[in-house]
Amino acid sequence: MSSSPSTFQLSRSYTTDTSPIRCMSHYLNDDDSSSLLLTGSESAIVSSINLLSHETIPDPSGKTQHGHHVTSITVDNKVYVTGSKDHKIRIFDVNTHELLKVLEGHEKPVTSLDIMHFDQEQVVLVSGSWDGTAKLWNMQTGTCLTTLHNHENTVSVCALPTVTSTSTPSMTGIGGGQNSNMMMARLATGSAGIATGNQIIDHKIRIWDVQLEIIDKDNVKLNATLQHTVANDHDGPIRSLTYDTDNHTLLSCSNDGTVKIRDPINGHCVSTLCYHVQQQPPMLLDVTTTNTHVIACGEDGTVIVWPKEQQTQNQLPQVILHPNCVWKVLSINNQDFSTACHDGYIRIFTSDPQK
């Protein structure tokens, strides 16, 4: 068997507050003059890593302390949003790291976050939690717009582009109208399933249509309608979702050690990526994509890198071993990727020999 022709190598590693790192997100400003990696750790703070100067600052404002582990983080425009095991969501200014809002409503840890863009002005925060719900929030007011109930335990969330019959941008008014007060976007949720005896069953992918109505400049109404459900095509809990903007596919990873590539319209699996080993395959916790590869990380410290093109049964993925559990993988500029490890290190990997 042959290995992947494009090999990633460790480019640089960082440590922040030395505690296990559970999540991270990348912020790049409009003129590319600021490139920050924002991380959340089990010491319940956010740290900032400047990828240009390589300066690392734990808790940069002295005000990012959370009530428990920081388990999810996402960036949008001039703010970043965190989810914590203390059940709360916090919104911070990305430059000053000042706390702007605290959103409450989940009854268990918040473990997944994403941003839905209806247009340049209308954005909605989506959160997934151990409480079996996904919530959609008005980021300007901090109001919960709707709750998607009845998921099977932990919920992963992923914003999807709208499928339209026009050539206009994907997030648009219904029927393509640019002045409409009604806008439509789409959302995917994944659930971890229900324990029954020695099995975990009913882990599901759900695809939602989300309709936003603008009432006035400060108020919106939102309605989410379930369109498609795919159940039990993984053999274990679904741990993470991501959208591949290059191939226009939805990806899910699972405790069964596989990544499934899906049609984002109906959630159906079109291809499965596996790591064939003799022993038990690694439980995959997160998945991301670059413009050339699919990368997933495992609880056993394994990071698996599959090339998007020329995938054959005889081609082995690249496997990168870490000293401990890897909680998160993240694409950097759609070329490199970073890993967040339980040993307290962020590692940057590149296939560019000049880096």
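The values are calculated or read from the model by the stated rules, or taken from the named source; none is laboratory data. Worth saying up front: this structure is predicted, and the values here are computed from it rather than measured. Glycine also receives a Cβ, built like all others from the backbone with ideal geometry; neighbour counts cover every protein chain displayed. In case anyone asks, the SASA skips ligands and DNA or RNA and just uses the protein heavy atoms, side chains included. Shrake-Rupley method; radii C 1.70, N 1.55, O 1.52, S 1.80 Å.
Tell me whether region 57-70 contains one or more residues that are assigned to a strand (DSSP E or B) and either at positive phi or open to solvent by less than 20 Å² (accessible area, probe 1.4 Å) (or both). Yes, the conditions are met somewhere in region 57-70.
Taken over region 252-271, residues that are assigned to a strand (DSSP E or B) and more than 24 Å from residue 199 (Cβ to Cβ) amount to 3.
Among 249, 289, which is the only one that is farther than 17 Å from residue 317 by Cα, touching a Phe, Trp or Tyr at 6+ places or on another chain (Cβ under 9 Å) and of a type outside the set (A, V, I, L, M)? Walk me through how you get there before you give the answer.
Numbers: 289 fails: farther than 17 Å from residue 317 by Cα.
Sole residue among the options that is farther than 17 Å from residue 317 by Cα, touching a Phe, Trp or Tyr at 6+ places or on another chain (Cβ under 9 Å) and of a type outside the set (A, V, I, L, M): 249.
For region 106-122, a residue qualifies if it is surrounded by fewer than 20 Cβ atoms within 10 Å (Cβ to Cβ) and of a type in the set (A, V, I, L, M), and exactly one does: 115. For region 222-237, taking the residues that are in contact with a Lys or Arg (Cβ under 9 Å, 6 or more places away or on another chain) and assigned to a strand (DSSP E or B), the one that is surrounded by the most Cβ atoms within 10 Å (Cβ to Cβ) is identified as 230. State which residue is modelled with the lowest pLDDT when the search covers only region 22-40 and only residues that are more than 14 Å from residue 56 (Cα to Cα) and crowded, with 19+ Cβ neighbours inside 10 Å. Step by step, filter region 22-40, then rank; the result is 27. Please determine whether any residue of region 282-289 is more than 24 Å from residue 154 (Cα to Cα) and modelled with pLDDT of 95 or more. Taking every residue of region 282-289 in turn, none turns out to be more than 24 Å from residue 154 (Cα to Cα) and modelled with pLDDT of 95 or more. Take the conditions closer than 16 Å to residue 330 by Cα and open to solvent by 60 Å² or more (accessible area, probe 1.4 Å) and apply them to residue 10. Does it pass? For residue 10, the condition - closer than 16 Å to residue 330 by Cα and open to solvent by 60 Å² or more (accessible area, probe 1.4 Å) - is met.
Applying the criterion of being touching a Ser or Thr at 6+ places or on another chain (Cβ under 8 Å) and not in a strand (DSSP E or B) to the residues of region 334-351, the residue that is modelled with the highest pLDDT is 344. For region 71-105, the set of residues classified as of a type outside the set (Val, Ile, Thr) and open to solvent by less than 30 Å² (accessible area, probe 1.4 Å) consists of 72, 76, 80, 83, 84, 90, 92, 97, 103, listed by residue number.
The set of residues in region 195-218 being in contact (Cβ under 8 Å) with a residue 60 or more places away in the chain, out of contact with any Phe, Trp or Tyr (no Cβ under 6 Å at 6 or more places or on another chain) and closer than 19 Å to residue 135 by Cβ consists of 205, 206, 207, 208, 210. With the structure loaded, tell me whether residue 84 is at negative phi and either at pLDDT 95 or above or touching a strand residue (DSSP E or B) at 6+ places or on another chain (Cβ under 7 Å) (or both) or whether it fails that test. Yes. Every test in (1) more than 16 Å from residue 204 (Cβ to Cβ); (2) surrounded by fewer than 21 Cβ atoms within 10 Å (Cβ to Cβ); (3) modelled with pLDDT of 95 or more is passed by residue 149 save one, and that test is (1).
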